[in-house]
Amino acid sequence: MSVPVVVSRESSNASSRASALRRQLPEPPSPRATPATTPETPTDEVVVEFRRPGFAQREVLPLTSPVRRREEKPRLVDGKHYREHCILMEYKLLAHNCPPGVYVVPSLKSLQVWHGIIFVRQGPFTGGAFRFEMVISDSFPQDTPLLKFVSKLFHPQVHTNGLLNLSEAFPQWRPGEDRLWHVLQYLYECFGTFSTWQPSNEKATVAYDFYKSDVLGNI
């Protein structure tokens, strides 16, 4: 014989209210849900997303220590450092382009002064050894360097003060095209088949013309 169960109206209403409240509340995130933080640019906030099937939650949280992008300041190129860099690059080129019998080394006091010596192996000055200095100005690589002989030299293209005439070979210095080893190459050629056109030493030119006509002409 079955016994009837009597349910009060108050308990029935309470259970219906609890079920309705459960339907309104979102389900808690799964423990396996992983936060994804993908800020594209440094800001004062970070976006945190929790994802799982049937549930998604997005929150914006402030950063305790905001990440700021550092502003890069333009680097100023110092004229002295740029000039020294160009001179070192020119000196490096001498390893494969220096003419035979010519040797140079930078001064210990200044990188803009090179000490050199040339051992002549052909031409009227065969057997001679002449010391010289190459002086690089502060405006390099815009201007032509100077080449001055320290040794006494009686040459049509060498002035009485020892300066080698570079205006014939380099009427205008072309940065990036004319190199310091080109000057040394011209120096080497001056002791071989040199030219007496627009000489710097008229007496040496007369002596050389006499040498060509009277000495070389009778060989």
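For the stretch 168-211, which chymotrypsin sites (Phe, Trp or Tyr not before Pro) are in a loop by DSSP, counting at most 12 other Cβ atoms within 10 Å?
Qualifying residues, ordered by number: Trp197.
Determine, at each q value in 0.13, 0.17, 0.26 (inverse angstroms), the log₁₀ of I(q)/I(0) that the Debye formula gives when each Cα of the stretch 125-170 is one equal point scatterer. For the stretch 125-170 at q = 0.13, 0.17, 0.26 Å⁻¹, log10 I(q)/I(0) is -0.33, -0.53, -1.01. The accessible area of Glu90, taken with all protein chains in place and a 1.4 Å probe, comes to roughly 10 Å².
Kirkwood-type hydrodynamic radius, the stretch 81-219: 15.8 Å, calculated from all non-identical alpha-carbon pairs. Cut-off under 21 Å on the C-alpha distance; same-chain residues fewer than 8 positions from Lys148 excluded. Which lysines are left, in chain and number order? Qualifying lysines at Cα under 21 Å: Lys109, Lys203.
Would you mind getting the accessible area per residue of the stretch 87-219, heavy atoms of the protein chains only, 1.4 Å probe, in Å²? On a per-residue basis, the stretch 87-219 sits at 58 Å². Summing +1 for each Lys or Arg and -1 for each Asp or Glu among the other residues whose beta-carbon sits under 13 angstrom from that of Glu133 gives +3.
Viscosity 0.890 mPa s, temperature 25 °C: Stokes-Einstein D of the stretch 86-150 from its Kirkwood Cα radius, in µm² per second? Once the numbers are plugged in, D ends up at 192 µm²/s. What the phi angles of the stretch 97-111 give under the Karplus curve with 6.51, -1.76 and 1.60, with θ = phi - 60°, is a coupling list of 10, 5, x, x, x, 10, 9, 9, 8, x, 5, 6, 8, 8, 6 Hz, glycine and proline written as x.
Fully extending the segment from Asp178 to Val135, taken as 0.36 nm per residue of separation minus the present Cα-Cα distance, adds 13.9 nm.
The values are calculated or read from the model by the stated rules, or taken from the named source; none is laboratory data. The model shown is predicted, which means the values in this text are computed figures rather than measured ones. As a convention, Cβ positions derive from the backbone with ideal geometry for all residues, glycine included, and neighbour counts pool all protein chains shown. Note: areas computed on protein heavy atoms with side chains; ligands, DNA, RNA excluded. Shrake-Rupley method; radii C 1.70, N 1.55, O 1.52, S 1.80 Å.
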